[in-house]
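Report on one structure; see the data block that follows.
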Amino acid sequence: MRTETENAARVVVIGAGMAGARLAARVPGVTVIGEEAHAPYNRVLLAEVLAGRYEPDVIALPPAEVRRGVRAVRVDRAERRVLCDDGRVIGYGRLVLATGSNPVLPPLRGLGRTLPDGVHPFRTLDDCLALRAAVRPGVRAVVIGGGLLGVSAARALAECGAQVVLAQQGEHLMERQLDAEAAGMLRRHLEALGVEVHTECRVRGLRCTDGDAPAVRAVELADGYELEAEITVLACGVRPRAGLAQAAGLEVRKGIVVDDELRTSDPYIHAVGDCAEHGGTVYGLAGAALEQADVLAEVLAGRPARYEGTRALTRLTLRSPSATPAVAAGAAGPGGGLDLAAFGDSRPMPGDDVIRLADATRGAYRTVVVRGDRLAGGVLFGDLAAVGTLARTWQDDEPLPADMSLLHLLTNDGGF
Ligand SMILES: Cc1cc2nc3c(=O)[nH]c(=O)nc-3n(C[C@H](O)[C@H](O)[C@H](O)COP(=O)(O)OP(=O)(O)OC[C@H]3O[C@@H](n4cnc5c(N)ncnc54)[C@H](O)[C@@H]3O)c2cc1C
């Protein structure tokens, strides 16, 4: 056992993902423990690596000093030290948990703790490289889950020449972000690229080969139908990785509970990113993870800073292999690129005003929801010229000018 002596000022971070790497860039002398063998990378761009558009080094984050391939296995709060799987014991003055989240493994028949051959989660660069190695033209792939992750995976696999079926349990794709109309456009876009989309489609189990090393052969649906599958991607959501915190006796609800200074129920321990729950919310979004890390860097430097929640924009760019940059940046349509942005709450409540502009020929669609004098949320699809102003108005939570025509909100300059 190698023990590194405690230093009251020493900041130790567990997790070298997007939040951990951001802290390493902002807090001098920090010690970062990272389980993944790779240098920190931008997880949001994994689908680009899967599609073969980027090599892994392109998505690397600015270099940071990280102890790679090392997993923290226990936090000893009484002695203020972290025990690692390589036998190292690291003392801390302040500890930051930036452990991210784990993919949810759905309760499917045929799916145990060890994944059958051909079944892939989609969370890490290693997951992505394993998937990329398994894909060849014509391979039959089923993606389970039609959220942001499932849509990105299906699109990237289709781009690699796989025959892709996307099975979504909900009524439409990307239910958290999109209304039915925008989801319908997204569906048509995927279908034009050869992806077979099934909505309201409940997966019951996996049919695998027998033997010591079972391999997936088909995905079984609740109605008895079977989808042939050589590759299955699990994109069924994520769950905060809070096991270390829980075992150490910290308060954990959906995630590790933190206050406005990102402090857990132990004043010497903070949590940021996907593993943290602030004000009852676990964001699960890169923007929130980075913002939390920035606030915590200030707190650790002894400067006044508070985290008051994130108003994060979800943006998805789906490009076709042949798309020129101009196409990728704007218009949607079969064979072209597609850009989609969603922010806030785009599901209207009684009394809200909804403003919609649709241009079927250009495949463009924009909708915003106005609640009282504020912008509550919106979806822009195919033409994102107005997104900057709209998102800023929403992020600032400013009242909308009383004399403004609501349609102006959707014009290219946002009407301002
Ligand atoms: C394919 C994909 C696409 C995405 N697209 C978007 C998007 O378009 N927009 C968006 O906002 N968000 C997106 N996300 C979500 C975004 O990536 C996360 O919100 C973000 O990565 C959270 O950062 P984090 O640092 O909290 O967690 P992570 O980036 O997951 O990092 C956590 C790190 O901690 C390590 N770790 C965990 N436990 C230990 C331990 N005990 N010891 C050592 N290391 C440990 C993990 O191995 C991991 O490297 C996407 C995610 C994926 C997988």
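The values are calculated or read from the model by the stated rules, or taken from the named source; none is laboratory data. The shown structure was predicted, so the numbers you read here are calculated from the model rather than taken from an experiment. Quick reminder, even Gly has a Cβ in these numbers, built from the backbone with ideal geometry, and neighbours come from all protein chains shown. These accessible areas exclude ligands, DNA and RNA; they are computed on the full protein's heavy atoms, side chains included. Shrake-Rupley method; radii C 1.70, N 1.55, O 1.52, S 1.80 Å.
Hydropathy at least 1.6 by Kyte-Doolittle, axial extent at least 27 angstrom from the Cα trace: which helices of the chain, defined as entire DSSP H runs, fit?
none
In this structure, the amide hydrogen of ASP117, modeled 1.01 Å from its nitrogen in the peptide plane, lies closer than 5 angstrom to those of ALA215, VAL216, counting only residues at least 5 positions away or on a different chain. Counting only protein heavy atoms and a probe of 1.4 Å, the accessible surface of the stretch 137-192 is 46% carbon and sulfur.
Between the stretch 69-98 and the stretch 370-394, the C-alpha centres lie 43 angstrom from each other.
Heavy atoms only, probe 1.4 Å: what % of the accessible area of the stretch 1-114 goes to carbon and sulfur, would you let me know?
49
For the chain, a Gaussian network of Cα nodes joined below 10 Å ranks ALA364, ALA133, ALA154 by mean-square fluctuation, and the top entry is ALA133. Of the trypsin sites (Lys or Arg not before Pro) found in the stretch 110-187, those in coil by DSSP whose Cβ has at most 14 other Cβ atoms within 10 Å are ARG113, ARG176. Of the residues VAL354, VAL233, VAL257, the one that moves most in a GNM of the chain with alpha-carbon contacts below 10 Å is VAL354.
Can you give me the relative contact order of the stretch 216-280 as a percent, contacts being Cα pairs under 8 Å and 6 or more apart?
22
The mean accessible area for residues of the chain, using a 1.4 Å probe and ignoring ligands and nucleic acids, is 45 Å² per residue.
Each of ALA271, GLY205, ALA222 was placed along the dipole of the stretch 187-310 (beta-carbon charges, centred on the mean Cα), and the one lying farthest toward the positive end is ALA271.
Under a Gaussian network description of the chain, with springs only between Cα atoms under 10 Å, the residue in ASP396, ASP117, ASP266 that fluctuates furthest is ASP396.
Amide H contacts of LEU111 (H built 1.01 Å from N, in plane; Pro and chain starts excluded): LEU206 sit under 5 Å, all sequence-distant by 5 or more or on other chains.
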